[in-house]
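**Q** Below you'll find the structure I mean.
The values are calculated or read from the model by the stated rules, or taken from the named source; none is laboratory data. This structure is a prediction, so every number in the text was calculated from the model and none was measured. Cβ atoms come from the backbone with ideal geometry, glycine included; neighbour counts cover every protein chain shown. Each accessible area value is taken on the protein alone, full model and side chains, heavy atoms only, with ligands, DNA and RNA left out. Shrake-Rupley method; radii C 1.70, N 1.55, O 1.52, S 1.80 Å.
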Amino acid sequence: MTAKIARYFAERRPATPCLVVDLDVVEENFKNLRKALPDSAIYYAVKANPAPEILALLARLGSSFDTAGVAEIDMVLAAGATPDRISYGNTIKKEADIAAAYARGVRLYAFDSEAELEKIERAAPGSEVFCRILTSGNGADWPLSRKFGCDVAMAKSLLLKARDMNVEPIGASFHVGSQQRDPKQWDEALAATANLFRELEADGLTLRMVNLGGGFPTKYKKSVPTAKQYGIAITDALRRHFGNRIPETIIEPGRGMVGNAGVIQTEVVLISKKSHNKDERSWVFLDIGKFGGLAETMDEAIQYPLVVNGRQGTPKPVIIAGPTCDSADVLYEKADYRLPEDLAIGDKIEILATGAYTTTYSAVAFNGFEPLKAHYI
Ligand SMILES: *Cc1c(COP(=O)(O)O)cnc(C)c1O
C-alpha cells in the first residue's frame, strides 16, 4: 500500500467497504510499460477500471484505449481522447453499436467470425479490421481465450475475405490470458501469427499490425515478473519469428495498468464456527464479497493479499466469506489464508492490489448492498 493511500485511510476514515486508487501508481505503470515496450502503442483496456480519473490521466499521458462497447467509447471521448485513439476490440458487437461507434469516428474494429466481419462492413465501411486468433491461455490465472478468437486457418480465410470487402484488414490479435505469469507465453502466439502473416503474404495480402493483447500481471500473493521482463521476452519473440520485418505492435494492458494501484478497505462483520469442534477453522465474514466487487475470487482464481493492522496474534487458517445471503459468496476456502487469532469483529482489513476488475463487477443492489464506493487520489 502506498503512503498516500495509507494517509487517506488514516485521515479520511471512509466508510467501508471502499476502494482507494493511487493515480500516481497508474502513471508509474503506464511509464514502465512504455519503457518495457517502447515500439508498441498502448491501448488501455478500459474494462479493467473505467473511472473518469484513470481515463483522463491516461489520455493526458498519450495512451490509446481498447473498448468493448459504446458506453466505454463515450467514457474515453469524455476523458479527452480522440476517436483515432480508440479500438473497438470486442469481437461480439451489435450492428447498431458498430454504427454508433462509427458515427463517433471510431475506425478500428476486431472480429473473429465471418458474420461479425459482415456487420463491420455494413455499419463501419472502410474501417481497419484485425482478426483475433485463439491461444491456449496456458500459464494464466484468468484465461480468456476459449470464448474469443478463431483458429489460424480460419483467420487466414477471413482476412483474405476482408481484403475483397469494403474494410481494410491490417493485422491480427491475440490475448494470452489475463494475469499471465509466464512472459514466454507470447512466443507461441507470435509464432502462429508470423506464420499467418507469411501465408497471407504469399497470397498477396500484406499485414502490418500485431495486437499483443493484455495479460500483464499484478502482484497478488504470488510474485510476478516485472514489466521489463515481459518487454524482453516479447521483443525476443518478435525478432525470432518476424526477423527483420517486425510489424507495428500494440498492447492492451488492463490489470497490469491499474491492479496494484488500488486497495479495498473492508470491515470484519462476524467471526464464527459451525460447531464446538476446536479444530475447525473459523469463518471470517467481511462487508465485501463476490457480489461487492471481488468476482475474480471465483474458483479462488485471483488471490488477493490481505493486511490486518494492529493485531499481533498468531496467524490461524480461516475461511473468508462475504456478507450476502448466497452460499456462492465465499471468497477463500481452499486457498491457504491465515488471519491473526486475536482478530475481532469490527477490525479493518485491507485487500491489496484491487484496482482492476472490482468496481464494475460490483452488483447494483444484491441484498440491498450498494455498489462498491471508490476514491481516486
Ligand atoms: C480484457 C482485455 C484486455 C485486458 O486484459 P488484462 O489481462 O487485464 O491486461 C485486453 N484486450 C482485450 C481484447 C480484452 O478483452
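**Q** Does A155 satisfy the condition of being at pLDDT 95 or above, surrounded by 16 or more Cβ atoms within 10 Å (Cβ to Cβ) and either within 16 Å of the ligand (Cβ to nearest atom) or assigned by TED's automatic domain parsing to the domain that holds I302 (or both)?
**A** On the way: at pLDDT 95 or above: yes; surrounded by 16 or more Cβ atoms within 10 Å (Cβ to Cβ): yes; either within 16 Å of the ligand (Cβ to nearest atom) or assigned by TED's automatic domain parsing to the domain that holds I302 (or both): yes.
Against the criterion (at pLDDT 95 or above, surrounded by 16 or more Cβ atoms within 10 Å (Cβ to Cβ) and either within 16 Å of the ligand (Cβ to nearest atom) or assigned by TED's automatic domain parsing to the domain that holds I302 (or both)), A155 qualifies.
**Q** In addition: In region 173-196, what residues are open to solvent by 20 Å² or more (accessible area, probe 1.4 Å) and either within 16 Å of the ligand (Cβ to nearest atom) or aromatic (F, W, Y) (or both)?
**A** Step one: list which residues in region 173-196 are open to solvent by 20 Å² or more (accessible area, probe 1.4 Å), which gives 175, 181-185, 187-188, 191-192, 195.
Listed by number, the residues that qualify are H175, R181, D182, P183, Q185.
**Q** Within the bounds of region 132-145, is there any residue that is within 30 Å of G355 (Cβ to Cβ) and modelled with pLDDT of 95 or more? It would help to see each step written out before you state the result.
**A** If we filter region 132-145 for residues that are within 30 Å of G355 (Cβ to Cβ), which is where we start, we get 132-145.
Going one step further and asking which of them are modelled with pLDDT of 95 or more, we end up with 132-133.
Within region 132-145, one or more residues are within 30 Å of G355 (Cβ to Cβ) and modelled with pLDDT of 95 or more.
**Q** If I ask for residues that are farther than 12 Å from V258 by Cα, basic (K, R) and either within 16 Å of the ligand (Cβ to nearest atom) or open to solvent by less than 60 Å² (accessible area, probe 1.4 Å) (or both), which ones from region 2-61 would you list?
**A** K4, R34
**Q** Here's a follow-up. Just to be sure, is T16 of a type in the set (S, T, N, Q) and without any contact (Cβ under 8 Å) to a residue 40 or more places away in the chain? Steps first, please.
**A** On the way: of a type in the set (S, T, N, Q): yes; without any contact (Cβ under 8 Å) to a residue 40 or more places away in the chain: no.
So T16 does not fit the description; no.
**Q** Does T266 count as closer than 24 Å to L306 by Cβ and in contact with a Cys (Cβ under 9 Å, 6 or more places away or on another chain)?
**A** Numbers: closer than 24 Å to L306 by Cβ: yes; in contact with a Cys (Cβ under 9 Å, 6 or more places away or on another chain): yes.
Answer is yes for this residue.
**Q** Shifting gears a bit: A335 - would you say it is under 20 Å from G177 (Cβ atoms), more than 19 Å from the chain's Cα centre (by Cα) and not assigned by TED's automatic domain parsing to the domain that holds G254? Can you show your working first?
**A** On the way: under 20 Å from G177 (Cβ atoms): yes; more than 19 Å from the chain's Cα centre (by Cα): yes; not assigned by TED's automatic domain parsing to the domain that holds G254: yes.
The answer is yes for A335.
**Q** Among the residues of region 248-276, count how many are touching a residue at least 24 places away in the same chain (Cβ under 8 Å), outside any strand (DSSP E or B) and open to solvent by 20 Å² or more (accessible area, probe 1.4 Å). Steps first, please.
**A** Filtering region 248-276 down to residues touching a residue at least 24 places away in the same chain (Cβ under 8 Å) leaves 248-271.
The next check asks that each one be outside any strand (DSSP E or B); those that pass are 252-261.
Going one step further and asking which of them are open to solvent by 20 Å² or more (accessible area, probe 1.4 Å), we end up with 252, 260.
Result for region 248-276: 2.
**Q** How about region 211-244: which of its residues are part of a helix (DSSP H, G or I) and either in the same structural domain as T297 (by TED's automatic domain parsing) or among the aliphatic types (A, V, I, L, M) (or both)?
**A** Start the filter on region 211-244 by keeping residues that are part of a helix (DSSP H, G or I), which leaves 227-242.
Residues satisfying the conditions are A227, I232, A233, I234, A237, L238.
**Q** If you take just the strands (runs of 3 or more DSSP E) that sit entirely in region 70-183, which of them hold at least 3 residues that are in contact with a Cys (Cβ under 8 Å, 6 or more places away or on another chain) and touching a residue at least 12 places away in the same chain (Cβ under 8 Å)? Give the derivation first.
**A** Details: elements: 86-88, 108-111, 128-132, 140-142, 168-173, 178-180.
Passing ranges, in order: 168-173.
**Q** Given the conditions (1) within 14 Å of the ligand (Cβ to nearest atom); (2) among the polar types (S, T, N, Q); (3) open to solvent by 20 Å² or more (accessible area, probe 1.4 Å), report the number of the one that S87 does not fulfil.
**A** (3)
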